[in-house]
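Engineer: Provided herewith is a single structure, encoded as structure tokens, for subsequent inquiry.
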Amino acid sequence: MAKRRIGGRSLNPTQLVSIGFFGLIVIGALALMMPFSSATHTVTDPLTAIFTSTSAVSLTGLTVVDTGGHWSITGKIIIATLIQLSGLGIMSLTSLAGMILTGRFGLRLRMNAAAEGRTLSIGDVKSTLIATLGFTALVEGVVSLMLASRFANKYGMSVDRAMGEGLFHAISSFNNAGFGLRKNNLVPYAADAWILLPLAGAIIIGGLGFPVLRELVTRLRIRVLRGWNWSSRDKRLGHLSVTSRLALIGTAVLVLGGWFVIGVLEWNKAMAGMPIGEKILTAFFQSVTPRTAGFNSVDYGQFHPSTLFITDIFMFIGGGSAGTAGGIKISTLLVLVAAMIAEFRGETDTVIGHRKISYSVVRQAMTVFALGIMLVAVGVISLMLIENKFTGSQILFEVTSAFGTVGLTTGITPSLQGSSQIILCFIMYLGRIGPITLVTALAGRDKARRFSYPEERPFIG
């Protein structure tokens with residue numbers, strides 16, 4: 001593995017990723033502390049600045065102050081910039097800048113970017129980075145124009161303000177950050193499909209990730225150009241990779257399933273009094289946001305505990321591995337499900353879509369799942385020891401939201417004690433870089449034993 005030396009110590013790409021995000025958080029916090037970042041032109045206290053910067057860089061969306069009211073235009077630009085830089089990726093941008101400045105895209109730059117993307121092969125990094133920038137600009141540009149038009153025509157905003165708010169929400173949605181400019185997020189637009197549907201589309205696209213979408217478009221193009229009378233070799237070219245199939249199928253199942261479950265559970269509770277069309281829209285939007293973005297068009301404090309727990313599960317799962325979502329990722333869950341099915345059938349191989357999944361991948365999936373459970377458990381226990389005025393359901397929701405870098409809340413975030421906010425900062429950071437990246441960064445390299453022990457089979461279960 002290519003390494004870079006800092007202060008006499010060799011660092012691998014995953015360690016550089018971790019340091020890069022931490023550095024961006026520090027820079028963002030320092031900028032947000034400055035008087036020009038607040039609406040009152042006063043210094044923002046360090047904890048608020050650190051929490052907001054961590055939330056923005058981790059693409060979470062949890063806040064301890066009103067984003068629209070506390071921060072000046074400059075502060076909002078800083079937050080949007082942190083979201084955008086994190087969404088595109090520190091190492092990806094560094095690699096691209098190095099390529100532009102030197103005219104080369106060497107192995108080290110490719111490995112740095114691939115380590116952050118986690119689903120890219122080294123040979124694909126250059127073309128993917130360049131295409132990702134263009135694709136990001138296209139999606140965010142289209143969504144921001146749609147939102148700006150609605151803000152100006154429906155809500156009477158000036159053109160400048162409408163464009164600014166449209167761009168901010170487009171960046172926040174595509175990067176799955178969940179930052180809104182209203183104190184109650186998107187609740188004022190709960191009945192406005194022209195606002196919620198473009199945001200939902202951007203959230204889903206960003207959650208899937210550009211590599212998956214590019215492969216989908218490529219395969220569809222092959223199908224269209226070559227027709228349906230293919231040779232067996234042509235048919236293989238038209239098939240999606242396992243990674244893309246897991247992301248697409250998992251996203252569809254979770255969105256549709258969440259839409260139905262939330263609609264049923266909250267039809268006569270949190271959504272009571274809404275017209276039928278608004279209920280359907282609200283249930284759909286709230287099935288999209290829990291796994292990734294964290295926008296809310298309804299007050300989660302009104303949700304039934306059963307709905308909150310189901311939302312906890314969605315937040316823990318997250319989105320696609322190639323996207324900007326947090327959580328353990330859809331592919332991790334489906335690999336574990338496939339491994340369980342193989343165990344039930346007494347099969348030795350884990351198979352998905354006529355492809356054998358290597359044992360190392362299954363082991364990684366188990367590690368990610370276990371580390372996720374442990375991190376959430378430690379966070380919940382820690383907050384329970386500190387906070388005594390909130391229910392266990394509220395604390396679990398808050399911690400899971402931080403781990404999944406979602407940003408949904410039952411409204412308790414601003415009321416948390418400083419130590420609890422610091423704990424959430426650590427959880428958001430770890431949720432952003434990912435459990436596997438963290439472990440790899442700490443270990444530094446893969447280590448193989450030079451010998452093996454005798455095998456023994458302890459009782460399980």
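The values are calculated or read from the model by the stated rules, or taken from the named source; none is laboratory data. For clarity, every value in this text was computed on a predicted model and none was experimentally measured. Here the Cβ is made from the backbone with ideal geometry for all residues, glycine too, and neighbour counts use every protein chain on show.
Engineer: Please enumerate the residues belonging to the stretch 45-54 that are buried (at least 21 other Cβ atoms within 10 Å of the Cβ) and without any contact (Cβ under 8 Å) to a residue 40 or more places away in the chain.
Structural biologist: Ala49, Thr52, Ser53
Engineer: Here is a further query. When you look at Leu138, is it more than 30 Å from Gly411 (Cα to Cα), modelled with pLDDT under 95 and surrounded by 17 or more Cβ atoms within 10 Å (Cβ to Cβ), yes or no?
Structural biologist: Details: more than 30 Å from Gly411 (Cα to Cα): yes; modelled with pLDDT under 95: yes; surrounded by 17 or more Cβ atoms within 10 Å (Cβ to Cβ): no.
So Leu138 fails the test.
Engineer: How many of the residues in the stretch 333-360 are at pLDDT below 90 and within 25 Å of Ile204 (Cα to Cα)?
Structural biologist: Qualifying residue count for the region: 2.
Engineer: Next question, about the same structure. For the stretch 162-212: of the residues being among the aromatic types (Phe, Trp, Tyr) and assigned to a helix (DSSP H, G or I), which is nearest to the chain's Cα centre (by Cα)?
Structural biologist: Restricting attention to the stretch 162-212, the residues satisfying the condition of being among the aromatic types (Phe, Trp, Tyr) are 168, 174, 179, 189, 194, 210.
With the extra rule that they be assigned to a helix (DSSP H, G or I), the set shrinks to 168, 174, 189, 194, 210.
Values: Phe168: 17, Phe174: 10, Tyr189: 23, Trp194: 24, Phe210: 13 Å.
Within the stretch 162-212, the match that is nearest to the chain's Cα centre (by Cα) is Phe174.
Engineer: Among Gly318, Gly353, Gly392, Gly346, which is the only one that is without any contact (Cβ under 8 Å) to a residue 24 or more places away in the chain and either at positive phi or hydroxyl-bearing (Ser, Thr, Tyr) (or both)?
Structural biologist: Gly346
Engineer: Which residue pairs have Cβ atoms under 8 Å apart, sit 6 or more places apart or on different chains, and have a first residue in the stretch 191-216 that is over 24 Å from Pro275 (Cβ atoms) and a second that is aromatic (Phe, Trp, Tyr) and buried (at least 22 other Cβ atoms within 10 Å of the Cβ)?
Structural biologist: From residues that are over 24 Å from Pro275 (Cβ atoms), the pairs are Ala202/Phe174; Ile205/Phe174; Gly206/Phe174.
Engineer: Name the one entry in Leu88, Leu93, Leu82, Leu109 that is modelled with pLDDT of 95 or more and closer than 14 Å to Gly20 by Cβ.
Structural biologist: Details: Leu88 fails: modelled with pLDDT of 95 or more; Leu93 fails: modelled with pLDDT of 95 or more; Leu109 fails: modelled with pLDDT of 95 or more.
Of Leu88, Leu93, Leu82, Leu109, the one residue that is modelled with pLDDT of 95 or more and closer than 14 Å to Gly20 by Cβ is Leu82.
Engineer: Would you mind finding the one in Gly258, Gly273 that is free of Cβ contacts under 8 Å to residues at least 60 places away in the same chain, in a helix (DSSP H, G or I) and among the small types (Gly, Ala, Ser)? First the steps, then the outcome.
Structural biologist: Details: Gly273 fails: in a helix (DSSP H, G or I).
On inspection, the qualifying residue turns out to be Gly258.
Engineer: All but one of (1) part of a loop (DSSP other than H, G, I, E, B); (2) at pLDDT below 95; (3) not acidic (Asp, Glu) hold for Ser18; which doesn't?
Structural biologist: The failed condition is (1).
Engineer: Which count do you get for residues in the stretch 296-315 that are of a type in the set (A, V, I, L, M, F, W, C), in contact (Cβ under 8 Å) with a residue 12 or more places away in the chain and in a helix (DSSP H, G or I)?
Structural biologist: Within the stretch 296-315, the subset of a type in the set (A, V, I, L, M, F, W, C) is 298, 303, 308-310, 313-315.
Within this subset, residues satisfying the condition of being in contact (Cβ under 8 Å) with a residue 12 or more places away in the chain are 298, 303, 308-310, 314-315.
Next, from what is left, pick out any that are in a helix (DSSP H, G or I): 308-310, 314-315.
Total meeting the criteria: 5.
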